[in-house]
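Below is one structure, written out as C-alpha cells, with a few remarks after it.
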Amino acid sequence: MTVSDTTVNRPVKTVPMLSVRGLQKIYKVPGGEVEAVRDLTFDLAEGELVCLVGPSGSGKTTLLKCISGLMEQTSGTVELAGSKVTGPPKSMAVVFQEYGRSLFPWMTVRGNVELPLKNQKVPKAERTALVDAALKSVGLDHVPKSYPWQLSGGMQQRVAIARAVAYRPQVLLMDEPFAAVDAQTRADLEDLIRTIWKQLGVTILFVTHDIDESVYLGERVIVLSSSPTVVQEDLKIDLPAERDQLNTRALPRFMELRSHVYAEIQRAKLGPVTEQITAQRKAARK
Amino acid sequence: MSPLKRVAYFFGLPIVLIVLWWALSFGSTNFFVPKPFELAQTLWTTWIGERFFEDVLPSLGRLAVGLLFAIGLGIVLGLLIGSTRWLRNLLEPMLEFFRAIPPPVLVPLLMLLIGVNDSMKVAVIISGAIWPVLLNTVEGVRAVDSVLNDSCRSYGIRGFARIRYFVLPAVTPQIMAGVRQSLSIGLILMVISEMFASSSGLGFTIVQFQRNFAIPEMWSGIVVLGLIGLGLALIFQFVERRVLHWYHGLKEITHDS
Ligand SMILES: Nc1ncnc2c1ncn2[C@@H]1O[C@H](COP(=O)(O)OP(=O)(O)OP(=O)(O)O)[C@@H](O)[C@H]1O
Ligand SMILES: [Mg+2]
C-alpha cells in the first residue's frame, strides 16, 4: 500500500465541527501587501484530533487567528458547528505559541485557570471542582498557589493547557504549544494532549512544525505549503489509537508516514503548489 | 537583609550628616545658620501643640484629599482615554499642553474661579499631581501585551472584567511610577497653594516665620516638610511592595536568566 492511497477524501455527511472554506488573509503592510494565506479549505469532524504542519512562516499562526475569530480574514469563511465565526466564539479555546506571555503574571496558577470560568459566572463549587480536575490532569495539582513566572516553561504551558481544559471548549486550537520546551517535557506533553483528547472528546486542531510530533499526535495531518499558503496534502494517520512514545515511534508505519510528510514538506518549501497541481488533484479525486 | 542592617542603612547617613552639621556649625554665630540641637528644640516647641492641629493637620488633610483625587481621577481617565483610540488621538496633544503648564501659575486663576478656600488648595494639588498618573496610565494601556490581550478575547473576557482582571493589573507598574512623581508634586503644590492668600497651613506658617525673621522656626518648618515627604515615601513603598510583588518577582527572574 502506498501512502498516497490514504489521502483523505471523505464525503461530509453531517455538519462538520469546524469548517474552513477558501480562507485567504492578506496583511496590509507599509509599502504593500503580504499574502500570508492564499486559499485554505478543510473540515474537522466532531471529536477529531488534526495536526497542521507547515514550514516556518507558512501562515499557521495567521490561520489559527482567523479560525479563532481574533483576526478578520480577507476572504473565505470559517464555520463552527454550522455558524459563521465573526468574533471569538464562546465554545473555543486557544493555547498560544508564546506561553510566557499568555498567562497573567499577577495571578496564581489557580487564579489563571479559574479566571475564564469566573468570567462565565460558573458557580463557585463547580468552578473549584473544574479547576482542581484540570490541574490534576496536567499534573500540576501541587503548585496552585505559585505564580506562573516561578514555573519552568513546560509547566507554564501546562497551566495554559489546564486553563483551556477547565473551560470545556468544543474546539481546542493549539499553536505550536511545545516549540520551546525540552524533548522529555515535550514527549510528556504530547501524551498529555492525547489523554485529554480521549477523556474530553474535544475537537483539537494542533499546529506544529515538527513532523514526528504531527504524525505521533494526529488522527489526520494537514500539510501546508509555504507562503502564500494552500493545503498541500490532507493525510489520514492510520496508527493504533493507543500510542506510546517508544513503541508507536518504532512502528514501520510510523516511519513511512513521517517520511511521507517529510517529503511533502520538502516539496512545500520549494514553493507553493501551483493552482495547476491543485486542479489536477481535484480532478484526480473525482 | 537583616532588620538590624536595614535600620543601620536607614539611619546611617542621616546621623553622619547631623554630626557633620553639628561640627561645622559649632561656634558659628551666623544668625541664619541653624544648629542641630537648637533646631530639634525649636521643632518640638513650634510644631507640637496648637500649631499641629491648626496648621499641620489641615495641610496634611488637603494633601491627602488632593492626592487621592489626583490618583483616582488619573487612573480612571487614563484607562478611559488609553482604551479608546479616537479619544486618545483627540486628547493627547491637549494633555501634553496642560501638563506643560506649571501648576503654580494656576493658583491665581483658581483663586478667582473657586475663591480662597480649601477647595481651591485641593484643586491646585489635583491640577498638578494628576498628570504623571494620567499620562503613565494612558501609555501603559497602549502597551498592554498583545498575547495576553488575545487570551482575554478568546476567553470572552470583556468590558469591566477585562479592566479589572487584565488592564488594571497590567498597567499597575506604570501607575505606580506615576504616583511616585505625583506625591512629590503634590507636596510642593500643597506648600505653594498656602503661600498665596492664606491664613493657616504649613506653607503659610513658614512664609510667616521668614517674614518675621524667626529663622530657627522657619528651618524647623522645612524639616517638617522633609519629614512629611519621608512619610509619603514610606507609605508608597509599603503599598508598592504589596501591589507589585508579582512584578518585582517577575523582574528578578528575567534578570537572573
Ligand atoms: N501582523 C502581520 N503583519 C504583516 N505580516 C505578517 C503579520 N503576521 C504575520 N505576517 C506574515 O505572514 C506570514 C505568515 O506568518 P505566520 O506567523 O502566520 O507564520 P507561522 O506559520 O505561524 O510561522 P512560525 O512557524 O514561525 O510560527 C509571514 O510571512 C509573516 O511575515
Ligand atoms: Mg506561528
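Could you pull out the residue among A:E79, A:E33, A:E72 that is open to solvent by 10 Å² or more (accessible area, probe 1.4 Å), away from ligand 2 (no atom under 16 Å from the Cβ) and either in contact with an Asp or Glu (Cβ under 6 Å, 6 or more places away or on another chain) or not in a strand (DSSP E or B) (or both)? Explain how you work it out, then say what you get.
On the way: A:E79 fails: either in contact with an Asp or Glu (Cβ under 6 Å, 6 or more places away or on another chain) or not in a strand (DSSP E or B) (or both); A:E33 fails: either in contact with an Asp or Glu (Cβ under 6 Å, 6 or more places away or on another chain) or not in a strand (DSSP E or B) (or both).
Going through A:E79, A:E33, A:E72 in turn, the sole match is A:E72.
Looking at A:S56, A:S4 in this structure, which one is open to solvent by 40 Å² or more (accessible area, probe 1.4 Å), within 15 Å of ligand 1 (Cβ to nearest atom) and either assigned by TED's automatic domain parsing to the domain that holds A:Q120 or at pLDDT below 90 (or both)?
Values: A:S4 fails: within 15 Å of ligand 1 (Cβ to nearest atom).
A:S56 is the lone residue from the list that is open to solvent by 40 Å² or more (accessible area, probe 1.4 Å), within 15 Å of ligand 1 (Cβ to nearest atom) and either assigned by TED's automatic domain parsing to the domain that holds A:Q120 or at pLDDT below 90 (or both).
I'd like the full set of residues that are without any contact (Cβ under 8 Å) to a residue 40 or more places away in the chain, assigned to a helix (DSSP H, G or I) and either under 17 Å from B:V167 (Cβ atoms) or outside the structural domain of B:V167 (by TED's automatic domain parsing) (or both), limited to segment B:71-103. If you could, list the steps in order and put the result at the bottom.
Start the filter on segment B:71-103 by keeping residues that are without any contact (Cβ under 8 Å) to a residue 40 or more places away in the chain, which leaves B:72, B:76, B:80, B:84-87, B:89-91, B:93-94, B:96-102.
Then drop every residue that is not assigned to a helix (DSSP H, G or I), which leaves B:72, B:76, B:80, B:85-87, B:89-91, B:93-94, B:96-100.
Selection gives B:G72, B:V76, B:L80, B:R85, B:L87.
Out of everything in segment A:15-51 that is in contact with a helix residue (DSSP H, G or I) (Cβ under 7 Å, 6 or more places away or on another chain) and near ligand 1 (Cβ under 9 Å from one of its atoms), what residue ends up being nearest to A:L224 (Cα to Cα)?
A:V37
Just to be sure I understand, how many residues within segment B:157-177 are among the β-branched types (V, I, T) and either more than 10 Å from every other protein chain (Cβ to nearest Cβ) or open to solvent by 50 Å² or more (accessible area, probe 1.4 Å) (or both)?
Residues of segment B:157-177 among the β-branched types (V, I, T): B:157, B:163, B:167, B:171-172, B:175.
So of that shortlist, the ones also either more than 10 Å from every other protein chain (Cβ to nearest Cβ) or open to solvent by 50 Å² or more (accessible area, probe 1.4 Å) (or both) come out as B:163, B:167, B:171, B:175.
Adding up the residues that qualify gives 4.
Would you check if there is a residue in segment A:148-155 being more than 16 Å from ligand 2 (Cβ to nearest atom) and crowded, with 21+ Cβ neighbours inside 10 Å? Let's see the steps before the verdict.
Taking segment A:148-155 first, the residues more than 16 Å from ligand 2 (Cβ to nearest atom) are A:148-155.
From what is left, the residues that are crowded, with 21+ Cβ neighbours inside 10 Å are A:148.
Within segment A:148-155 (the criterion being more than 16 Å from ligand 2 (Cβ to nearest atom) and crowded, with 21+ Cβ neighbours inside 10 Å), the answer is yes, since at least one residue qualifies.
Conditions tested, residue by residue: (1) loosely packed, with under 15 Cβ neighbours inside 10 Å; (2) modelled with pLDDT under 90; (3) in the same structural domain as A:A133 (by TED's automatic domain parsing); (4) under 19 Å from the mean Cα position of the chain (by Cα).
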residue: A:I211; (1), (2), (3), (4): no, no, no, yes
residue: A:S226; (1), (2), (3), (4): no, yes, no, yes
residue: A:Q266; (1), (2), (3), (4): yes, yes, no, no
residue: A:V273; (1), (2), (3), (4): no, yes, no, no
residue: A:Q276; (1), (2), (3), (4): yes, yes, no, no
residue: A:R285; (1), (2), (3), (4): yes, yes, no, no
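When you look at B:I188, is it open to solvent by 20 Å² or more (accessible area, probe 1.4 Å), within 14 Å of chain A (Cβ to nearest Cβ) and not acidic (D, E), yes or no? Give the derivation first.
Numbers: open to solvent by 20 Å² or more (accessible area, probe 1.4 Å): yes; within 14 Å of chain A (Cβ to nearest Cβ): no; not acidic (D, E): yes.
No, not satisfied.
Kindly evaluate A:V207 against the criterion of being in a strand (DSSP E or B), among the hydrophobic types (A, V, I, L, M, F, W, C), open to solvent by 20 Å² or more (accessible area, probe 1.4 Å) and out of contact with any Pro (no Cβ under 8 Å at 6 or more places or on another chain).
Details: in a strand (DSSP E or B): yes; among the hydrophobic types (A, V, I, L, M, F, W, C): yes; open to solvent by 20 Å² or more (accessible area, probe 1.4 Å): no; out of contact with any Pro (no Cβ under 8 Å at 6 or more places or on another chain): yes.
Spelling it out, it is not the case that A:V207 is in a strand (DSSP E or B), among the hydrophobic types (A, V, I, L, M, F, W, C), open to solvent by 20 Å² or more (accessible area, probe 1.4 Å) and out of contact with any Pro (no Cβ under 8 Å at 6 or more places or on another chain).
Is there a residue in segment B:19-31 that is under 15 Å from B:E217 (Cα atoms) and either surrounded by 10 or more Cβ atoms within 10 Å (Cβ to Cβ) or touching a residue at least 40 places away in the same chain (Cβ under 8 Å) (or both)?
Yes - at least one qualifying residue is present in segment B:19-31.
Report whether or not A:L173 is open to solvent by less than 50 Å² (accessible area, probe 1.4 Å), modelled with pLDDT of 95 or more, at the interface with another protein chain (Cβ under 9 Å from one of its Cβ atoms) and in contact with a strand residue (DSSP E or B) (Cβ under 9 Å, 6 or more places away or on another chain). Talk me through it step by step, then tell me what you get.
Values: open to solvent by less than 50 Å² (accessible area, probe 1.4 Å): yes; modelled with pLDDT of 95 or more: yes; at the interface with another protein chain (Cβ under 9 Å from one of its Cβ atoms): yes; in contact with a strand residue (DSSP E or B) (Cβ under 9 Å, 6 or more places away or on another chain): yes.
The answer is yes for A:L173.
So, A:L257, is that one of a type in the set (A, V, I, L, M, F, W, C), in contact (Cβ under 8 Å) with a residue 12 or more places away in the chain, in contact with a helix residue (DSSP H, G or I) (Cβ under 8 Å, 6 or more places away or on another chain) and open to solvent by 30 Å² or more (accessible area, probe 1.4 Å) or not?
Working: of a type in the set (A, V, I, L, M, F, W, C): yes; in contact (Cβ under 8 Å) with a residue 12 or more places away in the chain: yes; in contact with a helix residue (DSSP H, G or I) (Cβ under 8 Å, 6 or more places away or on another chain): yes; open to solvent by 30 Å² or more (accessible area, probe 1.4 Å): no.
Answer is no for this residue.
Need the failing condition index for A:L103 against (1) away from ligand 1 (no atom under 16 Å from the Cβ); (2) farther than 19 Å from A:F178 by Cβ, just the number.
(2)
If you check A:Q156, A:Q120, A:Q150, which single one turns out to be more than 16 Å from B:D150 (Cα to Cα), within 14 Å of chain B (Cβ to nearest Cβ) and under 19 Å from the mean Cα position of the chain (by Cα)?
Within the list A:Q156, A:Q120, A:Q150, the selection yields A:Q156.
The values are calculated or read from the model by the stated rules, or taken from the named source; none is laboratory data. If you're wondering where the values come from, they're calculated on a predicted model, not measured in any experiment. Heads up, the Cβs are rebuilt from the backbone with ideal geometry, glycines too, and the neighbour counts pull from every protein chain shown. Just the protein is used for accessible areas: all its heavy atoms, side chains included, with ligands, DNA and RNA removed. Shrake-Rupley method; radii C 1.70, N 1.55, O 1.52, S 1.80 Å.
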